[in-house]
Structures are given as C-alpha cells and as structure tokens.
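Input: a single structure, listed below in structure tokens.
The values are calculated or read from the model by the stated rules, or taken from the named source; none is laboratory data. Quick caveat: nothing in here was measured; it's all calculated off a predicted structure. Quick reminder, even Gly has a Cβ in these numbers, built from the backbone with ideal geometry, and neighbours come from all protein chains shown. Calculation scope for accessible area: heavy atoms of the full protein, side chains included, ligands and nucleic acids excluded. Shrake-Rupley method; radii C 1.70, N 1.55, O 1.52, S 1.80 Å.
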Amino acid sequence: MLHTFELKLKTNFFMIKALEKAFGNDLITKLSSNRYYCISNPIEIPGIRRLNISDSGKGIYYITLEIEPEVLLRGMLTVALFDCSQHNVRKLTDALNETILSIHEALPELSGGWNLSRVDYAMQIHSTYTDVYVSLANKAKIPHHYEDKINKSGSMYRQSKSVRFNFYDKYDYMKKQNVSDTLIESSRGIYRIEVQYRTTRALRHIRKKYEASAMFDLFDPDIAFDIIRNAYNKNIGMENYYKFCLAENIISSCNLTNSMKSKLISLLKLIKCAGTYEQTIEAIDNNSCIVPSDYKQNLQLFKRHERKLRRIGINPILLPDAFELDFLSNPFNEFMTEYQRI
C-alpha cells in the first residue's frame, strides 16, 4: 500500500564534501537552482531512485533519499506495491540501515536524524476497464483547493500545495519508461490510485490525526487504506456508474416525488451535456443556456440534489453512450476487496 517515500537528513558541509569525494563531481547534477543537486541512483542500488542535496544558504544542508520500498526489498524493479505489514516494516528498517551505510559509511542510521518527508500511499487492481476508469475519473469533481497542473493522458492528477491525487493506467505509464518489455507487460491492465503527501507539513497533519508519532507509524495498512478511501471519495465517490437510460429508470423507480425525480434526471442531463463535473459548475456560474431553470445561478441547490443522487447509488458521471455496458461497478469495490485480503 506504499509506492514511494522520502527520508530527509539535516547535515553540514563536511558530510556533503564526503559524498562529493565518494561520487565524484561528474555524478552530481545541478538542478534548477544552484542550491539543489541530484545524484541519480547512487552506486546503482535498486529502490533508491534518487539522492538529493539542498543547500539552505546558511551553512545547513539536507540530504533526501527517494525510496521505492518494494524494489529495495526485492533488489529489482517491480510494479508490485509495498505491503504495510509490521513484518515488512521491520524488514524495510533493516534493509534501509544497511543501504544507507552502503551509500556512505559516514551517513547515520535511521535513528541518527533521518525524518520522513514524503509518503506516496497506493493501491492497484487489474481490470479490462482501466482506461475507462481513468476517463471517468478525469470527468469527476475537483476538490476545493486542488487543480490539475500536469494534464497527462492516461492519468488523473489533482494537486494542492502539499497533496497530490494520481489515479492512472500503469501500463500507459510504463510504456513511456526506459524499462524491460517484461516489466512493461507485467503492468498491463493495472489501475493504480496514489495519494501523495509531498511535504513535511502535510505529514505532520496526518501524524496528529492518526496519533502516529514514530518514523514509520504511518506505514500501517489501516491508516493507508483510510487515507486512500477518503481521497477517492473526495474525488470520485463510491457510487456505481450507469448509462443515462438505466440511471433514469432507477430514479423513476425510487420512492421520491415526481418533482424530485424530474430534477435528478435533469441534473444528469446537464452533466452529460456539459461533459465533466467542473464544466457543469462553470456552466451554472456563467448562467449558460444549457442549465435548467432550477439550477440557474443556484449552485447550492445543484450540489444538494447531487448528494441526493449519490444517496440512491448513482454516480453523477455517466458512462459514455458508446460503452459496451449499461452498468459498471465502481472500481473501489475491488480496492476494498484487496484491502480485506491483507
């Protein structure tokens, strides 16, 4: 339930000079600022994706290790995710202490000042409808304070200042990487969802929320699943997907007033016409001609009716007319099944 995490160490000039001597100037690459440096995969250790060095300008330096825990434990590239069991966390701790020492003997062990600075929680399932799930996710609502700054095909990215949601087709991603055909093929049909806490401030927040003070307390399957579930619900919702005609029939058979049934059906027609949830919100804000009279400049009523639609189990994002099925179970049902197997 983890893909990547980062460890950060506050250090001094002498440690940086020791690393520079060990790796050589030609292995250190300057990034966008003169104060940031990157050593890519130092001494070819699987699972250590990057070693970054940053200079505060005040005589203080930071070393950051970007780690793929499952790759580190296996000693080879894999699309499998790290299982956050206590046994695996203990194995990971031992492996990290050995790995840090192998990078440079002067570097301290985990207990010597390293801190967690980023965690990417992740789950994945195999499906023949991965591309459909990504397309539907891209049409869903964007949570408050989030935006799509990347806009890549095959992925749904939503990002705030400190957290990023990434729901994507792993096969589409792997085809663009410089990896073996075998590894690419092993990713076929994988739908992966990631919730990335990208700053120490964001991590402090969830440490407080889950009372997880020790370094790897956040590497807990229940915490990981709760974080992923909350993020998924905030973006997509847990309701199943329908084509318009089937959704209309379900609404018509519900124990609602005829007036409310009509309004919910018109809400679905509006989202279908607008194309995406966000384009629907924009149409309401702009008093577009496609907006029914009930929702003209009345976003709060729209959202209230949307919640009612969700309560009867219908996702407001509809399946495309050309899709082969009239109904598609929400993929989070499968994520839930995967979690229950842990």
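How fast does the chain diffuse by Stokes-Einstein, in µm²/s, taking the Kirkwood radius from C-alpha pairs at 4 °C and 1.567 mPa s?
After rounding, the answer is 58 µm²/s.
Here are some pairs, Lys243/Lys263; Lys139/Lys272; Lys209/Lys303; Lys91/Lys175; which of them have Cα atoms lying more than 21 Å apart in this structure?
Flagged as over cut-off: Lys209/Lys303; Lys91/Lys175.
Helix 86-103 versus the longest principal axis of the chain: what angle, 0 to 90°, nearest 10, using Cα atoms?
Around 40 degrees separate the two axes.
How far is helix 299-311 tilted, in degrees, relative to the longest principal axis of the Cα atoms in the chain, given as a value from 0 to 90 rounded to the nearest 10?
90 degrees
Given a cut-off of under 8 Å on Cα pairs at least six residues apart, what relative contact order in percent is computed for region 243-342?
30 percent
Give me the percent of accessible area attributable to carbon and sulfur for the chain, probe 1.4 angstrom.
Roughly 47 percent, rounded to a whole number.
Please report, in whole Å³, the volume per residue of the convex hull around the C-alpha atoms of region 219-321.
117 Å³
Would you mind getting the accessible area per residue of the chain, heavy atoms of the protein chains only, 1.4 Å probe, in Å²?
Using a 1.4 Å probe on heavy atoms only, each residue of the chain averages 51 Å².
Under a straight-distance cross-link criterion of Cα-Cα below 23 Å, which lysines are reachable from Lys176, leaving out those fewer than 8 residues away in the same chain?
The reachable lysines, counting only those whose Cα sits under 23 Å from Lys176, are Lys149, Lys152.
Give me the distance in nm between label points sitting 7 Å out from Cα along the Cα-to-Cβ direction at Asn249 and Asn151, one decimal.
My value for the distance between the label points is 3.9 nm.
Just want to confirm a number: the relative contact order over region 153-211, from Cα pairs under 8 angstrom separated by 6+ residues, in percent.
36 percent
Report the per residue volume, in Å³, of the convex hull enclosing the C-alpha atoms of region 179-242.
Considering the Cα atoms of region 179-242, their hull volume per residue is 149 Å³.
Between helix 221-235 and the chain, what is the angle of the helix's C-alpha long axis to the longest principal axis, kept within 0 to 90° and rounded to the nearest 10?
That works out to roughly 40 degrees.
Provide the gained length on full extension for the span His126 to Ser111, in nm with one decimal, where the gain is 0.36 nm per separating residue minus the Cα-Cα distance.
1.6 nm
So who's got an amide H within less than 5 Å of the one on Gly189, skipping anything under 5 residues away but keeping other chains? H placed 1.01 Å off N, in plane.
Tyr171
Can you tell me the dipole magnitude for the chain around its Cα centre, using point charges on the Cβ only (Lys, Arg +1; Asp, Glu -1), in Debye to the nearest 20?
1300 debye
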